[in-house]
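Asks: Before we start, here is the structure in question, set down as structure tokens.
The values are calculated or read from the model by the stated rules, or taken from the named source; none is laboratory data. Just so we're clear, the structure is a prediction, and the values are computed from it rather than from any experiment. For neighbour counting, all protein chains shown are included, and Cβ atoms are generated from backbone atoms with ideal geometry for every residue, glycine included. Keep in mind that these areas ignore ligands, DNA and RNA; they rest on the heavy atoms of the full protein, side chains included. Shrake-Rupley method; radii C 1.70, N 1.55, O 1.52, S 1.80 Å.
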Amino acid sequence: MPTIETDEHKALRSAVAALGTRHGRDHDREALWSEAGKLGYLGVNLPEAHGGGGGGITELSIVLEELGAAGCPLLMLVVSPAICGTVIARFGTDAQKRQWLPGLSDGTRRMAFGITEPDAGSNSHRITTTARRDTDTGDWILTGRKVFISGVDIADATLIVGRTEDARTGRLKPCLFIVPRDTPGFTRHPIDMELHAAEKQFELVLDDVRLPADALVGDEDAGLLQLFAGLNPERIMTAAFAIGMGRHALAKAVEYARDRTVWNTPIGAHQAIAHPLAQAHIDLELARLMMQKAARLYDTGDDTGAGEAANMAKYAAGEACVKAVDQAVHTLGGNGLTREYGLASLITAARVARIAPVSREMILNYVSHQTLGLPKSY
């Protein structure tokens, strides 16, 4: 498996970095989203036949990482093209692909992803949002609640994870449904977050939401296969988000350490400053290697291998990001807490990569059980 990027990937990284630098930390989210869409970056992972770039999560992760490194990450990249676009491209009907993929590719349409519930947490088997058939019309009727759903207010639709009853066993199995934002019975309520981010978080209520039969994405009996087709890219893209943020913080700290002079010596000449920054850089680079491995496995169709690597990448990137941000703030001292340098807000933001979309403890559970073969503890 190659560990050195191709010339095409290097060119993509350079071009996106230039775009991010033009917009910068004080960017206008909509303007950046629009330009990135017109340049083909938002749909770089989606099929060319439907307006995308024909690449994969490998290329999309480069886009998000470089925007993050420039201080202007787009969280909806994790959700709209990576999760929803991928699921529809892999499992959607021809009509669903024609309806959604061109807009997801150029950014003129956006889709949110609704899986998390108040009482389910990381246990997808406890999802209580249910979907039942109206035997007279063939419609689906959805009932349930979701929480911490990003960007619902700016999304044209939400891909909702519900559960249907298996006629043979009576057990509930996960299924995916496209719910347009103005569907009757589908309401949203903003969650008051301490974290200030451009993309807001919402609680969703589905009160007997009636959907046509063709709102179902993929096969009703595919279950977890289709769900994890979206969750693995989510973990990979979260790693890209974290690595970009860590790089952004580290770059500010390195610049400060070069320029800040005390007793006629730049503070970066002191090992107590230099070594932790070097370690942060190493940790971010190692996390990127695992992210690249996960993306490559996913793009080549190895869903099982990608699942393991994606979890590891997300874990490594989350830890590396938190440490890089913390060390950057520490390097700047009091300046690290000022609005001018923009690092203090990252202290809270960096922790998102540790707890979402899956906590580091659940990843350790996964690796200890699935990879190491230890007894399951949960």
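Asks: Determine whether segment 225-248 contains at least one residue that is in contact with a strand residue (DSSP E or B) (Cβ under 8 Å, 6 or more places away or on another chain) and within 21 Å of Arg133 (Cα to Cα).
Replies: Yes, the conditions are met somewhere in segment 225-248.
Asks: Tell me, which helices (runs of 4 or more DSSP H) lie completely within segment 1-82 with 1 or more residues that are among the β-branched types (Val, Ile, Thr) and at pLDDT 95 or above?
Replies: Ranges flagged: 7-23, 57-69.
Asks: In segment 11-20, is there at least one residue being in contact (Cβ under 8 Å) with a residue 40 or more places away in the chain, open to solvent by 50 Å² or more (accessible area, probe 1.4 Å), of a type in the set (Val, Ile, Thr) and under 15 Å from Gly68 (Cβ atoms)?
Replies: no
Asks: Something else: Quick check on this structure: which one of Ala253, Ala213 is crowded, with 19+ Cβ neighbours inside 10 Å and small (Gly, Ala, Ser)?
Replies: After ruling out the rest, the residue left standing is Ala253.
Asks: Among all residue pairs at least 6 apart or on different chains, which show Cβ distances below 6 Å where the first residue, located in segment 209-228, is more than 13 Å from Gln96 (Cβ to Cβ) and the second is open to solvent by 10 Å² or more (accessible area, probe 1.4 Å)?
Replies: Note: pairs meeting the criteria are Val209/Thr183; Val209/Gly185; Val209/Phe186; Arg210/Asp139; Arg210/Ile141; Gly223/Lys173; Gly223/Pro174; Leu227/Pro174.
Asks: Check whether at least one residue in segment 292-299 is basic (Lys, Arg) and under 26 Å from Met193 (Cβ atoms), and report yes or no. Full working, then the answer.
Replies: If we filter segment 292-299 for residues that are basic (Lys, Arg), which is where we start, we get 293, 296.
If we keep only those that are under 26 Å from Met193 (Cβ atoms) as well, we get none.
No, segment 292-299 contains no residue that is basic (Lys, Arg) and under 26 Å from Met193 (Cβ atoms).
Asks: Only one of these conditions is not met by Asn232: (1) surrounded by fewer than 24 Cβ atoms within 10 Å (Cβ to Cβ); (2) within 20 Å of the chain's Cα centre (by Cα). Which number is it?
Replies: Condition (1) is where Asn232 drops out.
Asks: OK, next. Taking only pairs six or more apart or across chains, which ones have beta-carbon atoms under 6 Å, a first residue in segment 340-352 that is part of a helix (DSSP H, G or I), and a second residue that is at pLDDT below 95?
Replies: Thr348/Leu195
Asks: Any idea which of Glu35, Glu5, Glu59 is within 19 Å of the chain's Cα centre (by Cα) and of a type in the set (Asp, Glu)?
Replies: When all the criteria are applied, what remains is Glu59.
Asks: Return yes when Gly246 is buried (at least 23 other Cβ atoms within 10 Å of the Cβ) and not in a loop (DSSP other than H, G, I, E, B) and no when it is not. Give the derivation first.
Replies: Values: buried (at least 23 other Cβ atoms within 10 Å of the Cβ): yes; not in a loop (DSSP other than H, G, I, E, B): yes.
Yes; evaluated as a whole, the condition is true for this residue.
Asks: What residue, among those in segment 44-64 that are of a type in the set (A, V, I, L, M) and crowded, with 24+ Cβ neighbours inside 10 Å, is nearest to Ala229 (Cα to Cα)?
Replies: Ile57
Asks: May I pose another question? Can you name the number of the only condition in (1) within 26 Å of Cys321 (Cα to Cα); (2) touching a residue at least 12 places away in the same chain (Cβ under 8 Å); (3) open to solvent by 30 Å² or more (accessible area, probe 1.4 Å); (4) in a loop (DSSP other than H, G, I, E, B) that Pro118 fails?
Replies: (1)
Asks: Just to be sure I understand the filter: pairs with C-beta atoms under 9 Å, separated by 6 or more residues or on different chains, first member in segment 304-326 and over 22 Å from Ala344 (Cα atoms), second member of a type in the set (Phe, Trp, Tyr) and crowded, with 24+ Cβ neighbours inside 10 Å. Which pairs pass?
Replies: Gly305/Tyr298; Ala306/Tyr298; Gly307/Tyr298; Ala309/Tyr298; Ala310/Tyr298
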